[in-house]
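Have a look at the structure below before the remarks.
FYI, it's all coordinate maths here, none of it is from the lab. Here the structure is a predicted model, which means the values were calculated and not measured. Positions of Cβ are backbone-derived with ideal geometry, glycine not excepted, and every protein chain shown enters the neighbour counts.
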């Protein structure tokens, strides 16, 4: 949530001149996105978001992300659309970093989604899954089942300082998931990070999806599992089945689930909870003393994981199978 | 350069509803201003800047700042104009903090000002001094001559760790300034922080002044001295007399200097250099280990101070007396 790279007026004017977007009128560094520097740029034709990709993003992945947004927008999905330069390039260079200009999307994320927001999210996620079906590029999910144990090993020594017994609990869950992870589910491009921050609404209607920097190829239903974790628990971490039911109703109204997806949902939800538990645990243990940024509490996802461990069928999520 | 207070969509919608500005369409936290949280807010009528005042700002000072902007804008000066709520209030409350909505100003600061920018700045500063002449509220300059020694005492013990002999050099300068500081110069409302970040341009024409949170009553020529320090040194800290001459030409074309102001300019420049040396020194020594923010180098202002110590008349700044 910071601007890592400062851009001068001279550099930005030269960069903007490569695009057919009019004359630069203002720009502001915005506190959005965890890993990159973002500016809201105003020209005399429109507003844009300018992103400078910082070192945590692999430059080889950038064509996948940018062309995906172009592909999805071309299919009518509301998401930021990359603007091509006069030379037809989606990716340029600014202040020594890869940089891209995308259209500005109106709307705001909701901090406390209601069931109608969850239903809208379900519909948009399913529409994205359908729109991505013929996307030609692929990207492996670096944080899938195969990535979790190596990630855990980087925190294992110290994880019981966060919560007594946490290491054993994670180890048991990894054993379970490695034995029971579903194979051969319908797969395609997933967003993989559809938290409330990344979904915009206007007047309770979904106005767009943003931040595709975790997008990858994986089981489509795993995206649903991430959203059940991110959207359907209350502040006190009670599961709200009304919200889950609304999300699944929205999703299945656009793309019905297969029987295998229905059966897999509880284990996918366990996996999604573990994935965010592990990255938050890593961040929690990696943050320097005295840092300004407070990392997110990993315990939130341990509690969500424990809920999904009690679930024996997708009926618990309000789905009728 | 951060957003300290997060505002939810629900809180912001309720806040915006108190103003006659239309419906909220988007908002982004912006990395602007050192001490407050700022959002760029879009409604269906216009863009605004929303500021939440954090604890380093004294709430008792807020009416001075907000009514000053309203007063200056009313006299035709281009600066952010506070928007009154339907109840006629310039100051509201949001997320438990005092908060104000001001108009959005187009333009960009220039990182490397040229003489024509300096001339524009000089004109706008003089116009601001004239426009502020009948402003009814007053605010003492907390960082004037009387404030410098107490401020220095908080860094004195450790200041030679920054540069050997720095403590003795500052002490000698304080002694000099306390003996030679000019009295009875024309005074009024000054901006007191007109660094390049706080001055916007469009097509090399000045489009507005922002960030009035150091504004106070003091000698008008002290504002000029601050700008000579902030705008007229090159990256290598060589003084650029062409820029100084342009700034003073711009200023005096709108408001001529008195003989006393002309004579006082070198000592005012020494004082302004010391004031920023002292606050930067304090920040440099106060920053916690491992902090994300790098404080600005105090040595820059020691070098500027040493330049002004060699000046024996305002002719050195390109002024003809």
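Seen against the Cα atoms of chain A and their longest principal axis, helix A:299-309 is set at about 50 degrees. Each of A:125, A:108 was scored by other Cβ atoms within 10 Å of its Cβ. Listed from fewest to most, they are A:108, A:125. For the peptide B:5-11, the mean number of other protein chain Cβ atoms found within 10 angstrom of a residue's Cβ is 3.
Take each residue in A:22-29, count the other chain C-beta atoms within 10 Å of its C-beta, and the mean is 5.
If you look at the Cα atoms of chain A, you get an Rg and a Dmax of 20.2, 60 Å.
In peptide A:104-113, how many Cβ atoms from other protein chains are near each Cβ within 10 Å, on average? Provide the component values of the computation, followed by the final result.
Numbers: counts 3, 1, 4, 5, 11, 2, 3, 6, 3, 0.
That works out to 4 on average.
Inter-part distance, the range A:39-62 to the range A:105-132, computed on C-alpha centroids, equals 23 Å.
The other copies place their residue B:253 label points at 6.4 nm from this one, listed shortest first, where each point is 7 Å from Cα along Cα→Cβ.
Starting from the Cα gyration tensor of the range A:74-156, take the square roots of the eigenvalues, sort them a ≥ b ≥ c, and report rounded, prolate or oblate (rounded when a/c is under 1.5, otherwise prolate if a/b is larger than b/c, else oblate). List each step's numbers first, then the result.
On the way: a/c = 1.65, a/b = 1.09, b/c = 1.51.
Oblate, because a/c is 1.5 or more while a/b does not exceed b/c.
Residue B:87 label point (Cα plus 7 Å toward Cβ) to equivalent points in the other copies: 5.7 nm, shortest first. The relative contact order of the range A:9-103 comes to 26 percent, based on Cα pairs under 8 Å that sit 6 or more residues apart. Across the identical copies, the 7 Å label point of residue B:35, projected outward along Cα→Cβ, sits 3.7 nm from its counterparts, in ascending order.
Report, in degrees rounded to the nearest 10, the 0 to 90 angle that the Cα long axis of helix A:241-254 makes with the longest principal axis of chain A. Approximately 60 degrees, to the nearest ten. Put simply, the Cα atoms of the range A:117-186 extend 44, 30, 21 Å along their principal axes, the longest span coming first. What do you get for the angle between helix B:220-231 and the principal long axis of chain B? Use alpha-carbon atoms, 0 to 90 degrees, nearest ten. That works out to roughly 90 degrees.
Show that you can apply the helix-only estimate: for chain B, add -39,500 (n - 2.57) for every DSSP H stretch of four or more residues, divide by all residues, and state [θ] at 222 nm to the nearest 500. Before the final figure, lay out each step's value.
Details: 9 runs with 127 residues, N = 321.
Roughly -13000 deg cm²/dmol at 222 nm, from the helical runs in chain B.
What is the range B:9-103 by shape, rounded, prolate or oblate, if you read a ≥ b ≥ c off the alpha carbon gyration tensor as root eigenvalues and call it rounded for a/c under 1.5, prolate for a/b larger than b/c, and oblate otherwise? Let's see the in-between values first.
Details: a/c = 1.43, a/b = 1.14, b/c = 1.26.
Here the range B:9-103 falls in the rounded category.
Considering only A:131, A:273, A:168, the Gaussian network model of chain A with Cα springs below 10 Å gives its largest mean-square fluctuation to A:168.
A simple spin-label model places the labels of residue B:204 and residue A:286 4.7 nm from each other, with each point 7 Å out along Cα-to-Cβ.
Each Cα pair under 8 Å and six or more residues apart adds its separation to the average, and for the range B:180-319 the resulting relative contact order is 25 percent. From the alpha carbon centroid of the range A:255-287 to that of the range B:226-245 is 58 Å.
Using the Stokes-Einstein relation with a Kirkwood hydrodynamic radius computed over Cα pairs, the translational diffusion coefficient of the range B:176-222 at 37 °C and a viscosity of 0.692 mPa s comes to 262 µm²/s.
Protection proxy ranking for B:65-72, A:15-22, using the average of other Cβ atoms within 10 Å per residue and placing the highest first: B:65-72, A:15-22.
Once you have a ≥ b ≥ c as the square roots of the Cα gyration tensor eigenvalues for the range A:162-321, tell me rounded if a/c is under 1.5, and otherwise prolate or oblate according to whether a/b is larger than b/c.
Oblate.
The alpha carbons of the protein assembly as shown give a radius of gyration and a Dmax of 28.4, 91 Å, in that order. Under the simplified labelling scheme, the residue A:300-residue B:158 pair shows an inter-label distance of 3.4 nm, with each label point 7 Å from Cα along Cα→Cβ.
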